[in-house]
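S.K.: Take a look at this one; I'll ask things after.
The values are calculated or read from the model by the stated rules, or taken from the named source; none is laboratory data. Everything numeric here is computed off the predicted structure, so don't read it as measured data. Using ideal geometry, Cβ is built from the backbone for each residue, glycine included, and neighbour counts are taken over all protein chains shown.
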Amino acid sequence: MTNERPVTQVKIKKLHQDAVIPAYARAMDAGFDLVAVEDTLIAPGQSAKVPTGLAFALPEGFELQVRPRSGISAKTKLRLSNAPGTVDAGYRGEVCVLIDNIRIASGKSGKVCLGAGENEVTVEQEVDAHSYLIKKGDRIAQGVIAIVPVAQFEVVDELDETERGAGGFGSSGIKS
């Protein structure tokens, strides 16, 4: 079996000196990691826009889908707000990842260190015990480059019949 996947050129601009250029971890991976470029604290019930420090120039007819990393979803209560998020080919701004902490506030507090670094001051802050600290350099999401066809819409009086018809939202049941 040969790996003859299509290849497309995607230009990337580093907007932050510590931004990490995406790379595929394994030859057959669909997605590449997107990495946080700064520390971000997300309290229970809150959302945060986590910057990657990167801007992309996607070719016309393509999109960048921003998807959750399965390990984060399995091990934490962090979720991507609009998964999959779409970065359109015409967008040239910084790609950020919108992350929700779906935990309920515990009422308990703990301390977290923010801003640790060579030229920064470490600040201790009291936060809810169910807060998550995304650290600079953490892999926070994955990106998938996808082809986007242009739809040509046609208004009709009737649609063709199918086995499913108009059944939706659980119409096939839950038992296998």
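S.K.: Among the listed residues Ala116, Ala146, Ala129, Ala141, identify the single one that is modelled with pLDDT of 90 or more, of a type in the set (A, V, I, L, M) and over 13 Å from the mean Cα position of the chain (by Cα).
M.R.: Numbers: Ala116 fails: modelled with pLDDT of 90 or more; Ala129 fails: modelled with pLDDT of 90 or more; Ala141 fails: over 13 Å from the mean Cα position of the chain (by Cα).
The match here is Ala146.
S.K.: Just checking, which of Ile21, Ile42 is at pLDDT below 95 and over 19 Å from Val148 (Cα atoms)?
M.R.: On the way: Ile21 fails: at pLDDT below 95.
After ruling out the rest, the residue left standing is Ile42.
S.K.: A further question on this structure: Checking Ile21 against (1) touching a residue at least 60 places away in the same chain (Cβ under 8 Å); (2) more than 15 Å from the chain's Cα centre (by Cα); (3) part of a loop (DSSP other than H, G, I, E, B): exactly one of these is not met. Which one?
M.R.: For Ile21, the exception is condition (1).
S.K.: Exactly one of these conditions fails for Gln65: (1) assigned to a strand (DSSP E or B); (2) farther than 20 Å from Thr8 by Cα; (3) in contact with a Ser or Thr (Cβ under 8 Å, 6 or more places away or on another chain). Give me its number.
M.R.: (2)
S.K.: With respect to the numbered conditions (1) in contact with a Leu (Cβ under 8 Å, 6 or more places away or on another chain); (2) free of Cβ contacts under 8 Å to residues at least 24 places away in the same chain; (3) among the small types (Gly, Ala, Ser), which one is the sole condition not fulfilled by Gly90?
M.R.: It is condition (1) that Gly90 fails.
S.K.: Which condition number in (1) touching a Gly at 6+ places or on another chain (Cβ under 9 Å); (2) surrounded by fewer than 12 Cβ atoms within 10 Å (Cβ to Cβ); (3) closer than 28 Å to Asp128 by Cα is the one that Glu60 fails?
M.R.: The single condition Glu60 does not satisfy is (3).
S.K.: With respect to Gly173, is the statement that it is in contact with a strand residue (DSSP E or B) (Cβ under 8 Å, 6 or more places away or on another chain) and assigned to a loop (DSSP other than H, G, I, E, B) true?
M.R.: Details: in contact with a strand residue (DSSP E or B) (Cβ under 8 Å, 6 or more places away or on another chain): no; assigned to a loop (DSSP other than H, G, I, E, B): yes.
For Gly173, the condition - in contact with a strand residue (DSSP E or B) (Cβ under 8 Å, 6 or more places away or on another chain) and assigned to a loop (DSSP other than H, G, I, E, B) - is not met.
S.K.: Here is a check on your reading of the model: is Gly93 surrounded by 11 or more Cβ atoms within 10 Å (Cβ to Cβ) and at pLDDT 95 or above?
M.R.: Values: surrounded by 11 or more Cβ atoms within 10 Å (Cβ to Cβ): no; at pLDDT 95 or above: yes.
Answer is no for this residue.
S.K.: Shifting gears a bit: Only one of Lys13, Lys49 is out of contact with any Cys (no Cβ under 8 Å at 6 or more places or on another chain), basic (Lys, Arg), in a strand (DSSP E or B) and within 18 Å of Gly93 (Cα to Cα); which?
M.R.: Lys13
S.K.: Can you pull out the residues in segment 121-170 that are part of a loop (DSSP other than H, G, I, E, B) and either surrounded by 10 or more Cβ atoms within 10 Å (Cβ to Cβ) or in contact with a helix residue (DSSP H, G or I) (Cβ under 8 Å, 6 or more places away or on another chain) (or both)?
M.R.: Ala129, His130, Ser131, Lys135, Lys136, Gly137, Asp138, Val148, Gly167
S.K.: Among Leu34, Leu54, Leu58, Leu64, which is under 16 Å from Gly137 (Cβ atoms), in contact with a Leu (Cβ under 7 Å, 6 or more places away or on another chain) and at pLDDT 90 or above?
M.R.: Every option except Leu54 fails the conditions.
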